[in-house]
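A.B. asks: The following block contains the structure, expressed as structure tokens.
The values are calculated or read from the model by the stated rules, or taken from the named source; none is laboratory data. Keep in mind it's a predicted model, so treat the numbers as computed, not measured. Backbone-built Cβ (ideal geometry, glycine too); neighbour counts: all protein chains shown.
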Amino acid sequence: MAAVTRRGGPARPRPRRARLATTTLAVLVAAVVVVPLVTRLDQQLVDLGAAGLPPSPAHPFGTDEVGRDVLLRSVYGLRVSLLVGLVAALVSAVVGGLVGLVAGIAGGVADRLLMRVVDGFNALPHLLFGVFVVALFSPSAGAVVASVAVTHWTTAARIVRSEVLTLRGRPFVDAAILGGSSRARIVRRHLLPNLAPQLLLATVLMIPHAIWHETALSFLGLGLPAHLASLGNMINDGQRSLLAGDWWSSLFPGLLILLPTLAISALAQHVRDRANPRWRSELAL
Amino acid sequence: MLEAVDVTLSYGRRTVLDRVSVSVRPGEVLGLAGPSGCGKSTLARVLALLLRPSGGAVTLDGRPVSRWRHRAPHRTSIGLVFQQPRLAVDPRFTLFDVIAEPLRATRRPLERAHRLAAELGLTPELFTRRPHEVSDGQLQRACVARALALEPRYLICDEMTTMLDASTQAHLVARIEDYRASTGAGVLAISHDTELLDRWSTGTVHTLNQPEESPRT
């Protein structure tokens, strides 16, 4: 009997890849939560006697130019980066989601006005605008969150608005209107559940993007205070050691940016696939 | 009486309905035929108060309609069965949610949903299934049950039986006829199938013609 192969159509969910991504993220999150609780080492401890040591069993990621343990500082840096990325992505999604929802539902003048505001924000180079926003405050995690949120809420607004406009024209929404549903009920029962997967995907994908922004701003010296461990600060510090051949002080923080980015992207893809009811039921079989 | 008087509607420069008049009386079945693209579904949406016409008027029981879509008065007086059941149900809903949603929205008891499901041949084991897990026929039965849930005084069936097998067609038409007989509701039956309309309609079958192309400027 000929084997039946599935051709065409959208890609099926890939649970193995998702499991790997979940495991990676779980390990990273566990590390940033547990390590600061159990270790007695001070991530800011300067030990000039151990400066510039390459990776070894005592210091798996080596030490930086003032003898601080790169592994310990990377874990602290990742904690800051993940937290800043998560909060910035959530703020962007909430603000953008509300704007997109109002624009899509209200339509008319309100829609045009809100979308011109979105266009105005999008017309600005977002990294430069982010630098401007963060420069208004003293270097802090809050300033970085504000910078990323102010420059990125427009993505969520556009996604939500376009989804609302598509859904509004669907016959099942007409059927709900004919069935006596109020506007609020239609939003609650039909629009929000159906646009949630797209908004969730945008939010999750925003996390690595926000991490990159945090590291970029810290790298430029505008993010977190220089003495605090953040992945951007570490790469910035490490670039001075690169010329002396100390590759480890930049490489490992760099890898720790890449790892959650790839894991979150894979997980986001899986979440989107699972959100499709047809695929979900096929997976359950 | 549900009536459209000289209704005109355009999408951009394209006129879809050009001074169309049609009236559905309580207790009668009005058949409406016409070629594809002549505006039958658009007329159905206008009569269901989902689309505001650019000209003419729609009256419901003698009163001209002045509010449309969400704010239409007597919103639940008109039921509409859509042509494509797959597009007419929320993909996240179960079959029972589809039927019960109008009752929940208007805070009415759900017993009617069970009764309608039984009348339309939907067994309880289908209640928890989602739209992609049932056939077109089963889905359209649920859509008819949903349209009848609030006991509308007028029911518009927009090519309701297209793509369905003969027995399902006959079953759905019979259930709507039962409903009409018991409530005195008016029915507008829109279809390509003139044979079906000839049998179902209580009067002459109206034909909607393609509007003439408006001259481009």
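A.B. asks: Going through segment A:83-131 one residue at a time, which ones are over 21 Å from A:Val187 (Cβ atoms) and buried (at least 22 other Cβ atoms within 10 Å of the Cβ)? Explain how you work it out, then say what you get.
C.D. replies: So in segment A:83-131, the residues over 21 Å from A:Val187 (Cβ atoms) come out as A:83-89, A:91, A:116-117, A:119-131.
Correct list: A:Val84, A:Gly85, A:Ala88, A:Ala89, A:Gly130.
A.B. asks: Of the numbered conditions (1) within 30 Å of B:Ser21 (Cβ to Cβ); (2) in a loop (DSSP other than H, G, I, E, B); (3) facing chain A (nearest Cβ under 9 Å), B:Leu51 satisfies every one except a single condition; which is it?
C.D. replies: Of everything listed in (1) within 30 Å of B:Ser21 (Cβ to Cβ); (2) in a loop (DSSP other than H, G, I, E, B); (3) facing chain A (nearest Cβ under 9 Å), B:Leu51 misses just condition (3).
A.B. asks: Checking the condition among the small types (Gly, Ala, Ser), modelled with pLDDT of 80 or more, surrounded by 19 or more Cβ atoms within 10 Å (Cβ to Cβ) and under 19 Å from the mean Cα position of the chain (by Cα), which residue from A:Ala263, A:Ala196 passes?
C.D. replies: A:Ala263
A.B. asks: Another question, if that's okay. Could you pull out the residue among A:Leu192, A:Leu178 that is within 14 Å of chain B (Cβ to nearest Cβ) and in contact with a Pro (Cβ under 9 Å, 6 or more places away or on another chain)?
C.D. replies: A:Leu178
A.B. asks: Still on this model: Limited to segment B:98-108, what total is found for residues that are crowded, with 20+ Cβ neighbours inside 10 Å, farther than 18 Å from B:Gly121 by Cβ and either more than 7 Å from chain A (Cβ to nearest Cβ) or in contact (Cβ under 8 Å) with a residue 40 or more places away in the chain (or both)?
C.D. replies: Residues meeting the conditions: 3.
A.B. asks: Still on this structure, I have one more. Which one is nearest to B:Arg69 (Cα to Cα), of the residues in segment A:163-175 that are at the interface with another protein chain (Cβ under 7 Å from one of its Cβ atoms) and of a type in the set (D, E, K, R)?
C.D. replies: A:Asp174
A.B. asks: Condition test on B:Val89, is it of a type outside the set (D, E, K, R) and away from chain A (no Cβ under 14 Å)?
C.D. replies: no
A.B. asks: What's the number of the condition B:Ile156 fails, among (1) within 11 Å of another protein chain (Cβ to nearest Cβ); (2) surrounded by fewer than 20 Cβ atoms within 10 Å (Cβ to Cβ)?
C.D. replies: (2)
A.B. asks: Look through A:Leu191, A:Leu195 and report the one residue that is part of a helix (DSSP H, G or I) and in contact (Cβ under 8 Å) with a residue 40 or more places away in the chain.
C.D. replies: Matching residue, one of A:Leu191, A:Leu195: A:Leu191.
A.B. asks: Considering segment B:60-85 alone, what residues qualify as being surrounded by fewer than 17 Cβ atoms within 10 Å (Cβ to Cβ), over 19 Å from A:Val187 (Cβ atoms) and within 9 Å of another protein chain (Cβ to nearest Cβ)?
C.D. replies: Matches in segment B:60-85: B:Gln84 only.
A.B. asks: Could I ask something else about it? Under 8 Å between Cβ atoms, at least 6 apart or on separate chains: pull out the pairs that start in segment A:18-35 with a residue that is touching a residue at least 12 places away in the same chain (Cβ under 8 Å) and end on any residue that is surrounded by 15 or more Cβ atoms within 10 Å (Cβ to Cβ) and of a type in the set (Val, Ile, Thr).
C.D. replies: The qualifying pairs are A:Ala21/A:Ile264; A:Leu25/A:Ile264; A:Ala31/A:Val75; A:Val32/A:Val75; A:Val35/A:Val75.
A.B. asks: Okay, moving on. Residue by residue through segment A:216-252, note down the ones that are more than 22 Å from A:Pro60 (Cα to Cα) and assigned to a helix (DSSP H, G or I).
C.D. replies: A:Ala216, A:Leu217, A:Ser218, A:Phe219, listed by residue number.
A.B. asks: Next question, about the same structure. Restricting attention to segment A:32-50, which residues are surrounded by 14 or more Cβ atoms within 10 Å (Cβ to Cβ) and modelled with pLDDT of 75 or more?
C.D. replies: Within segment A:32-50, A:Val32, A:Val35, A:Pro36 qualify.
A.B. asks: Only residues that are within 24 Å of A:Ser182 (Cα to Cα) and more than 14 Å from chain A (Cβ to nearest Cβ): list them for segment B:109-153, please.
C.D. replies: B:Pro109, B:Glu111, B:His114
A.B. asks: Within segment A:57-81, restricting attention to residues that are surrounded by fewer than 22 Cβ atoms within 10 Å (Cβ to Cβ) and touching a helix residue (DSSP H, G or I) at 6+ places or on another chain (Cβ under 6 Å), which residue is modelled with the lowest pLDDT?
C.D. replies: For segment A:57-81, the residue satisfying everything is A:Glu65.
A.B. asks: Right, another one. Take the conditions surrounded by fewer than 16 Cβ atoms within 10 Å (Cβ to Cβ) and not aliphatic (A, V, I, L, M) and apply them to A:Arg189. Does it pass?
C.D. replies: Values: surrounded by fewer than 16 Cβ atoms within 10 Å (Cβ to Cβ): no; not aliphatic (A, V, I, L, M): yes.
It is false that A:Arg189 is surrounded by fewer than 16 Cβ atoms within 10 Å (Cβ to Cβ) and not aliphatic (A, V, I, L, M).
A.B. asks: Next question. All but one of (1) farther than 30 Å from A:His227 by Cα; (2) away from every other protein chain (no Cβ under 14 Å); (3) in contact with a helix residue (DSSP H, G or I) (Cβ under 7 Å, 6 or more places away or on another chain) hold for A:Ile105; state the number of the condition that does not hold.
C.D. replies: The single condition A:Ile105 does not satisfy is (2).
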